[in-house]
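These notes are about the structure you will find just below.
The values are calculated or read from the model by the stated rules, or taken from the named source; none is laboratory data. Values in this document were obtained by computation on a predicted structure and should not be read as measured data. Counting neighbours? That spans all protein chains shown, and the Cβs are built from the backbone with ideal geometry, glycine included.
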Amino acid sequence: MKLVVTGASGFLGREVCLAALRRGHEVLALGGTRAPTIPGVAQARAFDLCSEAALEALVLEEFPQAVVHCAALPTIEACLADPTRAMVLNSDVPKKFAQLCFHLGAKLVHLSTDTVFDGIAGSYQPTDQPAPLNLYGETKAAAEVDVLRYGREHAAVLRTSPIIGNSVSGDRGLHERLFASWKEGKSTTLFTDEIRQPVEVSNLADVTIELCERSNLSGLYHWAGTEAMSRYEIGVRIARHFGLNADALVRSISRAEVPSASARPRDLSLRLHPLAGKLRTQAQSFNEQLAPLRIPRGSEEWYEKETGRKVVRRLEKGVDF
């Protein structure tokens with residue numbers, strides 16, 4: 001199968017490309033300002049998704065059998081800084097992909113987010129009504145509607161959660177961002193009453209490719225890990241997994257202590273059915289997600305001093321050679 005993967009320079013997009021290669025597919029990887037460099041990917045290019053004419057020409061020329069759309073302005077701050085671009089990239093581009101994929105008879109898997117919900121109820125089902133609290137959530141919720149309307153039976157929208165895992169840059173995974181603070185001598189303050197349901201990046205990538213392969217799976221789905229936890233518990237379990245002193249590195253705080261926290265979703269836990277019962281790829285427990293995590297590059301010396309454990313670094317294809 002020939003796949004186009006957008007956002008291939010990003011944390012998830014790169015893993016989607018690697019997952020596709022593992023399963024024997026041909027990949028065209030699209031980055032933003034630079035062509036992605038991914039081991040095994042023969043076709044990669046920089047591409048402006050916001051050019052509707054260029055996007056249409058690309059899809060009609062390449063004629064893919066599936067598109068995995070990972071690209072987005074992915075944070076609340078980025079969307080507020082450039083609302084026009086946020087609307088184009090997060091809403092208009094997915095709509096155009098849905099129209100093109102329907103025209104070609106190609107599968108579209110569009111990545112969405114748990115932040116389409118307001119976080120009041122928690123344990124959200126795919127059928128629950130979105131109620132975003134910010135521009136990022138609003139643009140992603142609008143895209144969901146258009147993708148399913150224009151993509152019809154060829155489109156799947158996959159809402160997901162905060163992503164953990166090892167990144168090439170060493171600063172995109174959740175544990176990598178925590179390590180960056182810890183090695184600078186800064187403890188991390190995390191909410192005890194703000195609930196999230198992390199997902200491991202390669203597991204999520206496998207799910208996107210399996211959806212591409214399954215023509216009978218279209219519509220709106222949720223995917224995350226199996227455990228919903230407070231941000232504080234997530235931080236503590238990461239620290240303890242690496243043998244670090246969680247009491248010294250992770251401090252607890254409640255939302256009531258931070259007035260601005262009321263504008264943030266409280267509980268974005270997701271129900272994974274019916275998708276979890278239809279896929280070969282299995283949802284993971286948090287311990288399963290922690291198992292493959294590595295000490296981030298640049299943190300080795302600090303970690304060895306903290307724990308007395310020697311860090312053995314394996315060479316990585318696409319990073320070291």
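Per-residue answers, yes or no, for (1) assigned to a helix (DSSP H, G or I); (2) modelled with pLDDT of 95 or more; (3) among the basic types (K, R); (4) assigned by TED's automatic domain parsing to the domain that holds A205:
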| residue | (1), (2), (3), (4) |
| --- | --- |
| A20 | yes, yes, no, yes |
| G24 | no, yes, no, yes |
| V27 | no, yes, no, yes |
| L30 | no, yes, no, yes |
| P36 | no, no, no, yes |
| D48 | no, no, no, yes |
| P64 | no, yes, no, yes |
Point to revise | Single residue of region 243-268 satisfying the filter (part of a loop (DSSP other than H, G, I, E, B) and surrounded by fewer than 21 Cβ atoms within 10 Å (Cβ to Cβ)) that is modelled with the lowest pLDDT | key: R264
Review point. Within region 70-85, restricting attention to residues that are among the small types (G, A, S) and farther than 27 Å from D206 by Cα, which residue is surrounded by the most Cβ atoms within 10 Å (Cβ to Cβ)?
Key: A78
Practice item. Please list, ordered by first then second residue, the pairs with beta carbon atoms under 8 Å, 6 or more apart or interchain, first in region 298-310 and free of Cβ contacts under 8 Å to residues at least 40 places away in the same chain, second surrounded by 11 or more Cβ atoms within 10 Å (Cβ to Cβ) and not in a loop (DSSP other than H, G, I, E, B). Key: K310/E304
Point to revise | Where L55 falls short, out of the listed (1) within 12 Å of L89 (Cβ to Cβ); (2) surrounded by fewer than 17 Cβ atoms within 10 Å (Cβ to Cβ); (3) in contact (Cβ under 8 Å) with a residue 40 or more places away in the chain; (4) over 22 Å from the mean Cα position of the chain (by Cα) | key: (2)
Check your understanding: In the list G137, G173, which residue meets the criterion of being outside the structural domain of A8 (by TED's automatic domain parsing) and either under 18 Å from the mean Cα position of the chain (by Cα) or of a type outside the set (K, R) (or both)?
Key -> G173
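One line per residue, one yes/no per condition, for (1) touching a residue at least 60 places away in the same chain (Cβ under 8 Å); (2) more than 22 Å from R314 (Cα to Cα):
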{"position": "A156", "(1), (2)": "yes, yes"}
{"position": "R159", "(1), (2)": "yes, yes"}
{"position": "G165", "(1), (2)": "yes, no"}
{"position": "R172", "(1), (2)": "yes, no"}
{"position": "A180", "(1), (2)": "yes, no"}
{"position": "E184", "(1), (2)": "no, yes"}
{"position": "S187", "(1), (2)": "yes, yes"}
{"position": "N203", "(1), (2)": "yes, no"}
{"position": "T208", "(1), (2)": "yes, yes"}
